[in-house]
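I have placed the structure first, in the form of structure tokens, so that the comments after it can refer back to it.
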Amino acid sequence: MPVLYLGHGAPPLADDERWTGELRSWSAALPRPRSVLVVSAHWENDPLTLGATRTVPLTYDFRGFPRRYYEVTYEAPGAPELAREVTALLDRPVAHDGARGLDHGAYVPLKEMFPEADVPVLQMSLPSLDPRELFDVGRGLAPLREQGVLVVGSGFMTHNLSCVDMSAGPDYAPPSWSAEFDDWAGRALAAGDVDALLDFRRKAPAAGIAHPRTEHFAPLFVSLGASSGQEATTTVDGFWYGLSKRSVQFA
């Protein structure tokens with residue numbers, strides 16, 4: 001299977017017909033996975049923790065949105081076999097939280113990509129935000145690709161809500177810091193420059209503004225590790241409220 005890093009945005013991004021269409025087209029071109037392992041920007045927990053392995057209610061990890069966003073359901077099957085495989089592969093403590101449902105970093109994109117909710121899904125926490133540690137976690141997960149598992153990192157290529165104008169609408173021109181970081185990241189990913197990406201805090205333009213806290217970039221490092229550092233192809237690009245939606249596929 002390939003490995004993905006995708007931008008999930010806030011729940012209203014699911015109302016963007018262009019974006020949802022791009023996700024549907026992307027998933028239609030993928031081999032059908034046996035199961036999906038997703039690591040989202042919205043779950044940090046150390047020790048590394050695996051979520052529910054049966055169908056449980058979603059985790060609505062956001063506030064202040066209209067009621068309809070809290071009524072979304074996605075009843076994908078759990079993946080207990082995948083949980084056992086992940087636990088066996090990783091050379092580190094692995095905890096289990098059987099009550100934690102998928103958060104919006106997982107279910108918002110997966111609902112568009114696999115709308116029938118017929119592919120088993122397992123969510124994994126970010127055990128830290130350290131790029132090299134997460135890269136090593138991804139490398140440990142790489143054998144799952146041969147078993148038909150789709151490894152997905154879910155974040156956003158730029159993410160600083162304090163420096164964008166939410167009143168300007170979703171299609172306004174991105175600020176220079178967002179455009180510059182996105183351009184740098186796109187070129188580094190296309191070149192397979194793993195060292196630069198892992199050292200993005202020093203190598204990327206405007207890194208501290210594009211990611212004042214790095215949880216939305218961090219899932220990329222898991223995907224990089226699982227892909228063994230392969231070059232990436234951009235599958236979704238553009239900006240939403242000035243933030244980069246760039247999403248990529250490795251192999």
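The values are calculated or read from the model by the stated rules, or taken from the named source; none is laboratory data. Keep in mind that what you see is a predicted model, and the values were worked out from it rather than measured. All Cβ positions, even for glycine, are placed from backbone atoms using ideal geometry, and neighbour counts span all protein chains on display. The protein model used for the area step is the full one, side chains on, heavy atoms only, and it has no ligands, DNA or RNA in it. Shrake-Rupley method; radii C 1.70, N 1.55, O 1.52, S 1.80 Å.
For the peptides 27-35, 233-241, the ranking by packing is 233-241, 27-35, with the highest mean count of neighbouring Cβ atoms within 10 Å listed first.
In this calculation the C-beta distance from Arg132 to Asp15 is compared with R0 = 41 Å, giving a FRET efficiency of 0.65. Is the C-alpha gyration tensor of region 200-251 telling us rounded, prolate or oblate? Criteria: a/c under 1.5 is rounded; beyond that, a/b larger than b/c is prolate, otherwise oblate. Judged from the Cα gyration tensor, region 200-251 comes out oblate (a/c at least 1.5, b/c at or above a/b).
Of all DSSP bridge pairs formed entirely within region 3-250, close to 35 percent run antiparallel. Phi-derived couplings, Karplus 6.51 cos²θ - 1.76 cosθ + 1.60 at θ = phi - 60°, listed residue by residue for region 184-192: 4, 5, x, 5, 5, 5, 5, 8, x Hz, with x used for Gly and Pro. Remark: spin-label model distance Arg54-Ala28 equals 3.7 nm, labels positioned 7 Å along the Cα→Cβ axis.
Length gained on full extension, Asn45 to Glu75, computed as 0.36 nm times the residue gap minus the Cα-Cα distance: 8.4 nm.
When only alpha carbons of region 3-250 are considered, Rg and Dmax amount to 16.7, 48 Å.
Calculated mean residue ellipticity at 222 nm for the chain: -9000 deg cm²/dmol, from DSSP H runs with n ≥ 4 weighted as -39500 (n - 2.57), summed, divided by the residue count and rounded to 500.
Using a probe radius of 1.4 angstrom, the carbon and sulfur fraction of the accessible surface of region 130-186 is 50%.
In region 114-251, the alpha-carbon atoms span a convex hull of 118 Å³ per residue. Remark: the chain carries 42 Å² of accessible area per residue (probe radius 1.4 Å; ligands, DNA and RNA excluded).
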